[in-house]
Every structure is written in structure tokens, then in C-alpha cells.
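Values in this text are rule-based calculations from the coordinates and carry no lab data. Here the structure is a predicted model, which is why all the values come from computation and not from measurement. When we count neighbours, we look across all protein chains shown, and the Cβ atoms used for this are built from the backbone with ideal geometry, even at glycine.
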């Protein structure tokens, strides 16, 4: 599956960071992006984001999925170098390399004050162990939720309240398909993971060296964002972002419900969008999530959902079976979602059709709409107003001969005031022509 433009899946300074790094690596920029997000989320232990009437932590659990030698380790290696430059204390003392079981993991988290980043380059082992150890799968789910985790040992039990733990895992597509079980899918072990494919997209010469200033520059930007995020404590939405959040929520859940295989993976897609959008805002030194933050986060989550669908589509497990909808249904739903009109960027990428195909649909009106900033008019798609059908003319049939004539009831007419006619003007008399002068018969003789 070809990845969409990563620049649509991030905003602001984080996009600039990936722009700087991408030309110097051979692997998918999306892997770099989510690796940076994962490291950044792990360094904000006390910061939360608004979700409905409550809040939730910002931790991310990321799974890079690619074949051996396809850049999983290299993508994380670049991000880890940036993170170490930004916060060497955390990267030196709060990394847990590998998961050794539920009780051992809780003990390792407790040893780091409840604040850690798990890095496991063999995450298939974790998923397989979760089948045998029910407490391990539950512990991983609780860590994403930020819920209390505890061991069940009678002697010296260990408990961690409000843990803040992000996860960076690596897995191959074959391992991912082999590890999926119905119990884990339905239990929520997978819908807390952001699963991103990684593959080689270019070849670089061995002589190619990344400029020395790039890592320190991005590290300094991340360090400023970490300090800002730790002071912020809570990230909320701008006023106009609430409407965008409602639209995105409906859009993603509709996408998930169309595929039987995606339902279990997409149950928490909107929580993932909110966390990622908050990280975009904090990296830009803001505490308010904008519409652009939400759209970029939704594009990233949508990409992960499509990736999962691709992976499970090749498995012997229940395949993703779509209930196909017509193009007209998709277009109508999308336009109604935006209140009766939608721009090209709000409509076309989400219905999988070109502008010409949508224009050809019956009942769709397309035209320019001036922009308030005086810029180029936007092309807007609307639903044509339904015109009421004219009522059919009633057919008159001759009255039967036996029908009795109806008695006519006189209708009283309103009394009218008599109007006095205006006096007529005398008709103009035609002008009488003057008598013609008689011609002198002697004039010629004279």
C-alpha cells in the first residue's frame, strides 16, 4: 500500500522536523513521524487532554510494522537520537527494554517512578505471551488508559497509581497476522495500538551523511515543547474545533463500521485522534487544539486503519468484508455531514472519486463560492433542492345523466360605491383647410 503524503498527517514544527529528517533516511517518513510522537508523549507524564467532560493522558502505544530490514529500527533510532538530545535524563533512566511478563513489567515501571517508555523490538513475543498470561494483556490495556496496575503476589505486592507509560514496538506483517486472536481483538489489546507500516522508499549512497546540525536543531525544538507541555498540564480545543471533532468522529466510525474486520481495531480511533492532535499543539507551544491539528491527526489514524485492513485482509482470520455503498450515498452523507455543502478538499478525498465523477451525479450542484479573505473562490458541492412534483391535472368526466342538477346558491356581492363619471371633453374638431388661392391665368403672359 502506498503511503499518503506524510505532510497531511502532521502540523507546524513537527512537520518541519520530519521535513528535515526525511531526505536523509531511506524509510517511510510516517515511521519517523510516529516514532517522534511516541517519544514526545512519553516525556509528558502529567499533561492531559480534554475528552468530553473528562480528560485522558497523552501516552501513545505505537507498533511499527515492516519486514526485516525495512527500516523499523532505523526509524526509531533517528527518533531516539532526537529524544536523547532533547531529554537525556529521561532517555537514560526511564527506558524499559523488552516486556518480561505482567508482574515483571509492573515492577520495572514502579522502579522508574511510574513513568517510562517501553521499547520492544520483538513485540510479537509480547502478543504471544498475552495469550498465555491474561494479566499481561490487561496490564498493557491499563497502561494506555492510565489506570492503576498492581501485581497479585501475596508477598511484597507492587502497585503503581496513574502510570504514564508509552510503548514503541516492532513487528513484521507475518508475525502480526499470526499473533492476532479473536480474544485479544475483541478485548481491546489491538485498538490501543497505532499500527504504521514501514518500508524502504529510496536508496541513499553510503557516502550520504545527515548534516550535523539537524539532530540538535530538532532536539532543541522538542526540548522547548517538553518544557511547555509540562507547564501546560491540560490541552483543550478551540471553539471551532468542536464541530470538526464531531465530523471526524462520525467519519472514522462510519469507516470502521463498513468493514467487519476493522471494528475491533477502530473502537478507540477518536481517542487516538485527540491525543495526537494534542501532541501537535504542544509541539507548537500551544495549549489549544485547532481544526488543522484534528484534521492531520485524523489523516494519520485513517492511514493506520487502512494499514490494519491491509494486514488482516491477507490472514485466514475473518477477512474485512465491506458493505459497498454507492458513490451517491457517500457523497450525500459527506455533504450532509458538513451542513449541506462541502469543499473539494472536504469531499473528494473521502469518497474515492474525481471531481468529474461527482459532477456527473444527479442532484449535485457544483459552483464557486467567494472566500471571506478575498482569495480565490472555493469550489463547493451542494445537494440540489428537491422540487415538489406538480400535482397531476384532475380529469373531468361527464356527469351521469341521472344526476340531479345542483341548486345554485347566490353569492352576495360586495356593495360598490357608485362612481361619478368624469365629464367628457368635447371632441376636437378637424381643422378646415384654407381655400386654395386661385391661379392667375395671365401670369404666364406677363
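On a C-alpha basis, how far is the centre of the range 109-179 from the centre of the range 19-70 in Å? Whole number, if you could?
For the range 109-179 versus the range 19-70, the Cα centre distance is 18 Å.
Could you sort 292-303, 223-234 so that the peptide with the highest average Cβ count within 10 Å comes first and the rest follow in order?
Working: 292-303: 23.4, 223-234: 16.6.
Those peptides, ordered most packed to least, come out 292-303, 223-234.
Restricting to Cα pairs below 8 Å that are 6+ residues apart, what does the relative contact order work out to for the range 6-313? Please round to a whole percent. Could the numbers behind the result be given before it?
Values: 541 pairs, mean separation 84.7, N = 308.
Value for the range 6-313: 27 percent.
Could you tell me whether the range 6-313 comes out rounded, prolate or oblate from its Cα gyration tensor? Rule is a ≥ b ≥ c as square roots of the eigenvalues, rounded for a/c under 1.5, then prolate if a/b exceeds b/c, otherwise oblate. Please list the in-between numbers first.
Numbers: a/c = 1.17, a/b = 1.15, b/c = 1.02.
Cα axes put the range 6-313 in the rounded bin.
In nm, give the distance between the simple-model label positions of residue 207 and residue 220, each being 7 Å from the Cα along the Cα-to-Cβ direction.
3.1
Arranged from highest to lowest average of other beta-carbon atoms within 10 Å per residue, in what order do the peptides 92-104, 120-132, 355-367 appear?
On the way: 92-104: 16.3, 120-132: 17.9, 355-367: 12.6.
In descending order of packing, they fall as 120-132, 92-104, 355-367.
Label the range 64-166 by shape, choosing from rounded, prolate and oblate, from the square roots a ≥ b ≥ c of the eigenvalues of the Cα gyration tensor; if a/c is under 1.5 it is rounded, and otherwise prolate applies when a/b is larger than b/c, oblate when it is not. Spell out each step's value before the answer.
Values: a/c = 2.51, a/b = 1.36, b/c = 1.85.
Oblate is the answer for the range 64-166, as a/c is 1.5 or above yet b/c matches or exceeds a/b.
Which peptide among 266-275, 243-252 comes first, and what is the full order, when sorted by highest mean count of other Cβ atoms within 10 Å?
Values: 266-275: 22.0, 243-252: 17.4.
Order by mean packing, descending: 266-275, 243-252.
I'd like the antiparallel share, as a percent to the nearest 5, of DSSP beta bridges with both residues in the range 6-313.
Details: 7 of 30 bridges.
Around 25 percent antiparallel, to the nearest 5.
Run through the DSSP bridge list for the range 85-225 and note the antiparallel percent, rounded to the nearest 5.
Details: 2 of 11 bridges.
Restricted to the range 85-225, the bridges split so that about 20 percent are antiparallel.
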